[in-house]
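Student: Just dropping this structure here.
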Amino acid sequence: MCPEDSDHTIQGVHAGFCDCPDIQTGFAVSRSGPESDAQERQRWLAAVGRLCAAFVVMTKLSSLHDQVLLDILTLLRDSMPGVPRILTVNRVKARYSPDLVAQQAQPLVDRFGISSVYVAYDFRSALADTRIPPTPGGMIAEADGTPQPIFFQSLTTVNSQPTSHSTKIRYLFHLGQELDVGILATESSRSLVQQLKIRAMKLADWHERNPQIRHQQIVD
């Protein structure tokens, strides 16, 4: 879904957001059923993903090993292999440390080339205050005082070497300052060129094999 007002300025960086809610279940009013809806949304994501410069995937800690998440990450990796993929883990219980979350996410980082992992603790938990860091600078509280999830980095990869979060807290709220627009544009263009080459090779192979197949069909 692309809302009409999706062009915002965040931390001085112009960014357009494409939100694809509930892709895993496909809950929607449809005569074809939720399974068909989910497959259709995945097709949309694969198409729209070719226009995106980065992906942010949100999940729960209990879903890190689910096949649905693996399918989504595979889809994003294949649709735009060269762009950053960021994993966010929401509503984590206070009994799980950031290092544990990073450990559980490490196989996904290695397999799908995820650039960083952010975690947000469930503020409804009794021990949440022991895990939730200070509010990031510039983040405005809700008028009614409702708490907001605070995503901070639990794992990052530099030159393919995993590094635990340092004493300096890096927030998802400041992601606009972390992403380089020029690099994003370059990697996005590179991915599109790579996909074009792959499609051209497949098309050339089809043109080479098609006469042979037709000839065999005539013989048969």
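Student: Quickly run through segment 117-150 and pick out the residues that are in a loop (DSSP other than H, G, I, E, B) and β-branched (Val, Ile, Thr).
Tutor: Within segment 117-150, Ile132, Thr135, Ile140, Thr146, Ile150 meet the criteria.
Student: Which ones in segment 53-62 are open to solvent by 30 Å² or more (accessible area, probe 1.4 Å) and within 18 Å of Ala185 (Cα to Cα)?
Tutor: The answer is Ala53, Ala54, Val56.
Student: While we're looking at this one, here's another question. Search segment 64-116 for residues being in a helix (DSSP H, G or I) and of a type in the set (Lys, Arg), and hand back the single one that is surrounded by the fewest Cβ atoms within 10 Å (Cβ to Cβ).
Tutor: Among them, the one singled out is Arg111.
Student: Also: I want to confirm something. Restricting to segment 166-196 and keeping residues that are surrounded by 13 or more Cβ atoms within 10 Å (Cβ to Cβ), within 20 Å of the chain's Cα centre (by Cα) and in a loop (DSSP other than H, G, I, E, B), which single residue is modelled with the highest pLDDT?
Tutor: Arg170
Student: Within segment 36-52, restricting attention to residues that are open to solvent by less than 40 Å² (accessible area, probe 1.4 Å) and in contact with a helix residue (DSSP H, G or I) (Cβ under 7 Å, 6 or more places away or on another chain), which residue is modelled with the lowest pLDDT?
Tutor: Filtering first and then ranking leaves Gly49.
Student: Same structure, new question: Only one of (1) within 18 Å of the chain's Cα centre (by Cα); (2) modelled with pLDDT of 90 or more; (3) open to solvent by 80 Å² or more (accessible area, probe 1.4 Å) fails for Leu203. Which number is that?
Tutor: Among (1) within 18 Å of the chain's Cα centre (by Cα); (2) modelled with pLDDT of 90 or more; (3) open to solvent by 80 Å² or more (accessible area, probe 1.4 Å), the lone unmet condition for Leu203 is (1).
The values are calculated or read from the model by the stated rules, or taken from the named source; none is laboratory data. Keep in mind that this is a model prediction, so the values were computed, not measured. A quick note on method: Cβ atoms are made from the backbone with ideal geometry, for glycine too, and the neighbour counts reach across all protein chains shown. Note: areas computed on protein heavy atoms with side chains; ligands, DNA, RNA excluded. Shrake-Rupley method; radii C 1.70, N 1.55, O 1.52, S 1.80 Å.
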